[in-house]
1. Shortest first and in nm with one decimal, please list how far the D:Gln19 label point sits from its counterparts in the other copies (point 7 Å along Cα→Cβ).
2. Over the range A:15-333, calculate the relative contact order: mean separation of alpha carbon pairs under 8 Å at least 6 apart, over the residue count, as a percent.
3. Working from Cα positions, state the angle (0 to 90°, nearest 10) between the long axis of helix C:212-225 and the longest principal axis of chain C.
4. Whole Å is fine, so just give me how far the alpha carbon centre of the range D:98-132 lies from that of the range C:20-36.
5. For Cα pairs less than 8 Å apart in space and 6+ apart in sequence, what is the mean separation divided by the residue count of chain D, i.e. the relative contact order in percent?
6. Looking at the protein assembly as shown, what % of its DSSP beta bridges pair antiparallel, to the nearest 5?
7. Inter-copy label distances at C:Asp164, 7 Å along the Cα→beta-carbon direction, one decimal in nm, shortest first?
8. Is there a pair in A:Lys346/D:Lys221; A:Lys111/A:Lys242; A:Lys355/C:Lys173 whose C-alpha atoms are over 31 Å apart, and which pairs would that be?
Amino acid sequence: MSTQHIDVAAGCLPTHQLLNVDGKRIPDEELDHYLKDLKEADLADFLRDMVVLRRMDNEATALQRQGQLGLWAPLLGQEAAQIGSVRATNDDDFIFPSYREHGVAWARGVKAEDLLSVWRGAQASGWDPNEVNIACQQIVIGSQALHAAGYGMGIKFDGGKQVSVAYFGDGATSQGDVNEAMVFAASYQAPVLFFCQNNQWAISEPVALQSRTQIADRAHGFGLKTWRVDGNDILAVYAATKAALNHARHGLGPAFIEAVTYRMGSHTTADDPTRYRKSEQLEEWKAKDPIDRLVKYLHEMGADVQSYEQRAQNAADDLAAKLREAITSMEDPKAEELFTNVYAEKHEPTERAAKNYLDYLADFEGGE
Amino acid sequence: MSTQHIDVAAGCLPTHQLLNVDGKRIPDEELDHYLKDLKEADLADFLRDMVVLRRMDNEATALQRQGQLGLWAPLLGQEAAQIGSVRATNDDDFIFPSYREHGVAWARGVKAEDLLSVWRGAQASGWDPNEVNIACQQIVIGSQALHAAGYGMGIKFDGGKQVSVAYFGDGATSQGDVNEAMVFAASYQAPVLFFCQNNQWAISEPVALQSRTQIADRAHGFGLKTWRVDGNDILAVYAATKAALNHARHGLGPAFIEAVTYRMGSHTTADDPTRYRKSEQLEEWKAKDPIDRLVKYLHEMGADVQSYEQRAQNAADDLAAKLREAITSMEDPKAEELFTNVYAEKHEPTERAAKNYLDYLADFEGGE
Amino acid sequence: MATTMLKALNKSLHDALDQDEKVILLGEDIGTLGGVFRVTDGLKSKFGEHRVVDTPLAESGIVGSAIGLAYRGYRPVVEIQFDGFTYPAFDQLVSQLAKLHYRSRGRVKMPVTVRIPYGGGIGSPEHHSESPEAYFAHTAGLRVFAPSSVEDAYSMLRQAIACDDPVIFFEPKRRYHEKTTAELLPPAPDASPKAKIVRPGEDVTVVGYGPTTYTLVDAAKAAEDEGTSLEVIDLRTLDPLDIDTVAESVKRTGKLVVVHEASRTSGIGAEICAEITERCFDYLEHAPLRVTGFDIPYPPSRLESHHLPDLDRVMHAVDTVMRHHEATEGAAK
Amino acid sequence: MATTMLKALNKSLHDALDQDEKVILLGEDIGTLGGVFRVTDGLKSKFGEHRVVDTPLAESGIVGSAIGLAYRGYRPVVEIQFDGFTYPAFDQLVSQLAKLHYRSRGRVKMPVTVRIPYGGGIGSPEHHSESPEAYFAHTAGLRVFAPSSVEDAYSMLRQAIACDDPVIFFEPKRRYHEKTTAELLPPAPDASPKAKIVRPGEDVTVVGYGPTTYTLVDAAKAAEDEGTSLEVIDLRTLDPLDIDTVAESVKRTGKLVVVHEASRTSGIGAEICAEITERCFDYLEHAPLRVTGFDIPYPPSRLESHHLPDLDRVMHAVDTVMRHHEATEGAAK
Ligand SMILES: Cc1ncc(C[n+]2csc(CCOP(=O)(O)OP(=O)(O)O)c2C)c(N)n1
Ligand SMILES: Cc1ncc(C[n+]2csc(CCOP(=O)(O)OP(=O)(O)O)c2C)c(N)n1
Ligand SMILES: [Mg+2]
Ligand SMILES: [Mg+2]
């Protein structure tokens, strides 16, 4: 596994950590400011969110094993990166996610059935983008970064106060589209936040294969205001995201965050990570678990951790029940849906094809 | 023309200048070393090369006006960038040029007719890439950067001692392909030199529209060893190219040069630059003319400039005569060439189509 | 009114910008320069740099950011500088633009128009003369418009911009400068373009679009002198393909010739021939024929006159279907 | 020998790597992981990381760097992870790979093989089940191979790699795991693949390739029970298209049905129907029919069984051409 041993050059940007692995709070001159409005209750909510997500992964993985889902892409280990960032956004900041941002969608209020229907293969997409201000999830690596750049250009042109946010992985940074997105956002000084979850792996490929420098340094070179943070430290993620959104929202141009985290699970339920990575690496990162760390910090603060954990478990149980319920009551799509929404306006060939096929089906089921 | 007034952030890399606009030699701790083998005779050759290129542009532009060429893309003003760099390469370093590197091709010995045949529309390409170690010229902006990256990967894999060199413009840096090329070259630490002639314009678009930071800074962020040089200073270009090739050739990974120059002519003979840029800018850059500067330096050195200039004029006259001669004796391609080299191996449908059409033509010309 | 296609396109964009503030133009060199063909001449100075936007040099970026703008409620009109530079944007066109309405289950609309000056015959270097329309006609979710006349250039571009679906809008660049008199009328509300019989006839149906329509009209005139009457159909849209109009004509003439500059294999001509054969089998007196660009990369410009279907090649195909017809008729008599 | 298509492909790559040191494999996850489908399993550890190369996540980069390697004398074999991820590389495939031999006037050869696992039927999410072959068949300069059998997977991949032209090599991914007994033989020198009659018959010619070939064989068996004899042709290559073999068959049967998963409009089926009509017009008893995927984005997997041409839809088309035939025969009697 030689590619794992490539060294990444030491970066020119520091890695912000506000909570160390023992849950100790580390002062950060630049970012502390962005935590000032955060109450204990908010931290308890963070904890709940992360616990719920971990349960979501477990449930969905189980459902996939039972054949209820076609596939699932776990976010296991990336809870702090997703929750810390999405909780820092305003509800009308528009998000362009990849296929792994279930946590982001959940935090914006997406319903259980809408989280699962795509992964079941029952629907082409889950939520309504305009209801939750999250675009359709994106499988084509990196494409959504350009959509975010364009959306941000729109905000700039119409004078809106939102920020457009693109989520993508470390692997995605190699795609032309992600680079072009940085070029466009920088060119128009558009309010765009590029949020990269560097989870160390793109399926079987280690991040060093994609980049010999820190990803954050690359973004910096494009003229984006850039932060590199410990992505398993929810305070650092939250504070940096606040800082970045603040920067972008105030017309100072696009921003970039590299959240250094780890994909503790498989790439998807179809993947077997033991083929390409050592168990020691996983162990190493387990010690940096984002949930444990927040729990330690809450203890440190003298909070009533047990009651928070209980509440989190309840929320997780609740979600788990909803997911199972959603799956068991989910209907298969009807044949006519094949032809629905191919075009928004009247399109005769599609209508004709639909009629022909549905007539054929009716005949077939009726006759023979 | 508001886009012209965008400021580019001051870069973190210095701009090397070894000859100032008055032809005074400025010491450069890092680069001087690479000039040590350069004799006065070499400088005289540089002068000749640049004078010849300027004449080539004039002749080709005139030939285009006379309808002998379909189009021409002048390199006027970029003589030092092209000659300084190509003269620093070894003959077996393989070059992937854009459509503007006539100077590079000429310096490698490409014949007059092969420089013009494409621009006349008589042939799909000029030289034989394997004879002069220069790939076909590239019109699709940025594509060739990936070919250079791949070629460099090949050198790395087979242990060759060459360097692969990609030429492209400032506009090209926005293309996904150029960014992906940097990613690939960096990933394999391949011996690739990316040579960007930042001539300030991509047709009508100023460089600031493409990049808010210096292009060199962007490359630096990808982990490429990067130099930014005054591209109208042939000594700086030559020395930096030597340094960069040296770096790449010795297994230290890919390199990047941003040569800051100016397109003194039109984008192509089809373009009218007065529509988008002020004449003052041109005047400003005329004062930085790469040929004048070398002449001044030669004077400064006490060289017999007049005889060098005479020799250069003779070479230019010679090329001009060859170009005109080449054009007047150039035959139009035959219809059968339509179907030649579509495939390298036998391909029946192409043979059939060729036969049908040629039979039709013969009938047509014979009969009716 | 004396005008050119260039001016008609310019006015179409002008009027669309004027009437809907969500219309926004994006492309390389379209602002200050007014586009390399000057289609957008004067629009930036009139509507401002936030409506007529010079973009960085990256086609995937242009189409991808147009998609983002559509998410925000804009109606972007994108210019690809030349046909051969469409391909870097292919993924955004085919996987994103074409599919987002479907993928979002109808919740997201993509009213994006992608203008592509296309086709050969202007003596350009490689990548400047291509006809990539079949790629897009083969891609569900896109509409493909290919006007040939000045009037259509104006009104179909208005229709494309007004349409809630993405439209790939092919402009026959070698017709840009031809002078003509034309009245530029806004399209009737809700009318979507259909194929048009530009010259009625009885013996052979000849079908083209964009730059070849003119060749077909010339062919019809030439054929008339020889006593053959061609019915010339201008398709106008390649998706949806108005096969009904073609089928009705072929049912009358019994003979079909389809003409385009694009490569032959699996081109628009293949689709029309296959579909017409299926619909009109019992009416056909001869197999439908295609006159197309060859299956070769676009050749150097000094060879392009061979590659482009011209009057003679069209007439040759017409003669072929007619000769057979006459032979059969002769035999029957 | 008991084997699967996966193993045959793996052995084909193995043998090619073994016999020619200029053969080099590039792709995402093809090294340590052995590819997401395991086609390259074990090859990196045997041949080393300079022969079996994990690449950064960028398809244009993969194809573009393969072109550079070909300039240097290599014979790159590229893996695109799934069909739907081909499009970011479209420009490099269509403007560069396809055209460089022509553009260089024959001086540069591009012996690059691009392997694409394609097609549906495996219950995957969007972008994982597409059939983009028509884009490439429409593009001059590329060869397009689409084997259906295990033997062909082995030998045609060897032929693709040995060929001095670029080959887009479509692997029917839903057939990867089917067990079969097959003898894997290197192709005869200089033999280039042709269409193959995999089951002779008399009444209707049915043509398919890749994943649909099996459906056609099943259909032939089913039809036999009903007293109809189908001649099943496996195209094997889509460029060059071996239209002669199809035409000879249709001249005997007088009826044609073409089947593919890809969208209908301007697909391979359109080309075959158009071309066969032109060549076999006087032999045809019924218009050639197409049974294809619909002109829609690939649907969610729980709808894909409708989208994919299945036995019933093929039989329906066969019945249609036969019914007409019988009606006519009946009338004649
Ligand atoms: C254009 C494209 N190429 C390939 C794939 C297949 N693929 C799916 S996920 C993935 C790795 C992505 O890695 P990264 O960007 O780091 O995101 P992560 O999965 O780690 O969240 C690949 C190669 C794809 N979805 N899209
Ligand atoms: C992919 C692509 N898009 C657009 C064009 C049209 N075009 C030709 S040259 C050019 C500007 C290139 O600018 P730059 O890279 O700075 O090179 P320069 O012309 O200044 O040498 C453009 C947009 C093209 N050739 N290829
Ligand atoms: Mg990752
Ligand atoms: Mg430039």
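Laboratory data are not the source of any read-out in this text; all were calculated from the coordinates shown. Values in this document were obtained by computation on a predicted structure and should not be read as measured data. So basically every Cβ, Gly included, is an ideal-geometry build from the backbone, and we count neighbours across all protein chains shown.
1. With the label placed 7 Å along Cα→Cβ, D:Gln19 yields 6.5 nm.
2. Details: 622 pairs, mean separation 88.8, N = 319.
It rounds to 28 percent for the range A:15-333.
3. Rounded to the nearest ten degrees, it is 30.
4. With the range D:98-132 and the range C:20-36 each reduced to a Cα centre, they are spaced 34 Å.
5. It comes to 15 percent, rounded to a whole number.
6. Numbers: 20 of 136 bridges.
Antiparallel: roughly 15 percent of the beta bridges in the protein assembly as shown.
7. Taking the point 7 Å beyond Cα along Cα→Cβ, the inter-copy spacings are 5.6 nm.
8. Details: A:Lys346/D:Lys221 41 Å; A:Lys111/A:Lys242 26 Å; A:Lys355/C:Lys173 38 Å.
Correct reply: A:Lys346/D:Lys221; A:Lys355/C:Lys173.
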